[in-house]
Ligand SMILES: [Zn+2]
């Protein structure tokens, strides 16, 4: 499938940048709360005044007090609705707060942020849960970009969206850029792996990875093999899953650091048997070997095609060959959680980004992949690499089920 010619140029380079752009939001909210508090206090003062001097002031004060009470209620409602539109749930608020806490120099603001964090956690006992609806909304958002083939404007849009998303949630965003040659034109093409680091201070780390590029064309589409390929399941589902997991990460008490790695150019393939697969993961693995001072990974999990509405996840043969204990551990966790979509039977032999990680980097990495898309479809009816790989064939529930298993797995890493 992939005669892998040497396309790796240049040296590994990880460049990082952090943004702390959420401060104004928090300040606006604080100002609204202050205003509401002032009006409330004024109202209470006037009511108590009217009780003491009832005869002389009741006619003048009570209507005014009622007016103030109404203003206070309106202000409070404005504050609430504004807050909820900016932060869809409590875990959002926590993430924003953590991010602000790290960038703020003002002790007063830090105190406010700390209060905000505590109340948000207390107000939602399920803050660590994976939200299927939101996961699906991310999948739709990704696919709305259209094609996200390596080096295209669609990929650039996605990269910008992901950097903003994970920075706002408190992840450390790093880029690993390198260059290759376009398989058709021979022109220079920029390839960029994305790493989002959680608990960057921990030296013992694990990998969660996916690819985030889409194949240039739906080569398996019998009607239109040069049509638009949006790769909802193939390229989109792993990315959407990580976007959703990003909300949970700041709330997890992790004993090991976790890196989300988004591989570019998994399938910059215009012609099978000519163009190489796995350019991003191959580069990542070689850079890892060449730089022993970089983060060390104990093991890893690759996620690919995990959004199928009719999900079933079998043991994959290469994963079994390279990292059988990890396969059994993950499927064992799924069994304990009652996630029946993880079926403990060998089924497919898949060549995917986990191969360079195992073979070159020597990191035990398994592939969680649903290659029956949809279940029971004969080969010529599969949505894989066709125009039919669209969000309506996927579900947030499937993405969330995989996410729950991953969260539990991360929690158990000691
Ligand atoms: Zn593919």
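The values are calculated or read from the model by the stated rules, or taken from the named source; none is laboratory data. Since we're looking at a predicted model, the values are computed, not measured. Counting neighbours? That spans all protein chains shown, and the Cβs are built from the backbone with ideal geometry, glycine included.
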message: Just to be sure before I move on: is residue 227 part of a helix (DSSP H, G or I), surrounded by fewer than 19 Cβ atoms within 10 Å (Cβ to Cβ) and within 16 Å of the ligand (Cβ to nearest atom) in the structure I sent?
response: no
- prompt: How many residues does the stretch 247-266 hold that are assigned to a loop (DSSP other than H, G, I, E, B) and either more than 13 Å from the ligand (Cβ to nearest atom) or modelled with pLDDT under 95 (or both)?
  reply: 6
Selection count where residues are under 20 Å from the mean Cα position of the chain (by Cα), more than 16 Å from the ligand (Cβ to nearest atom) and over 21 Å from residue 194 (Cβ atoms), scope the stretch 278-310: 1
- line: Only unsatisfied item for residue 374, checking (1) at pLDDT below 95; (2) farther than 23 Å from residue 240 by Cα, is (2)
query: residue 252: surrounded by fewer than 18 Cβ atoms within 10 Å (Cβ to Cβ) and under 16 Å from the mean Cα position of the chain (by Cα), yes or no?
result: yes
field: Residue identified as within 16 Å of the ligand (Cβ to nearest atom) and either on the phi < 0 side of the Ramachandran plot or in contact with a helix residue (DSSP H, G or I) (Cβ under 7 Å, 6 or more places away or on another chain) (or both) among 200, 218
entry: 218
task: Would you check if there is a residue in the stretch 390-400 being part of a helix (DSSP H, G or I), closer than 11 Å to residue 305 by Cα and in the same structural domain as residue 241 (by TED's automatic domain parsing)?
output: yes
message: List pairs: first residue in the stretch 219-236 and within 20 Å of residue 139 (Cβ to Cβ) and in the same structural domain as residue 378 (by TED's automatic domain parsing), second residue part of a helix (DSSP H, G or I) and within 13 Å of the ligand (Cβ to nearest atom) anywhere in the structure, Cβ distance under 9 angstrom, at least six positions apart or on different chains.
response: 229/235; 230/236; 231/237
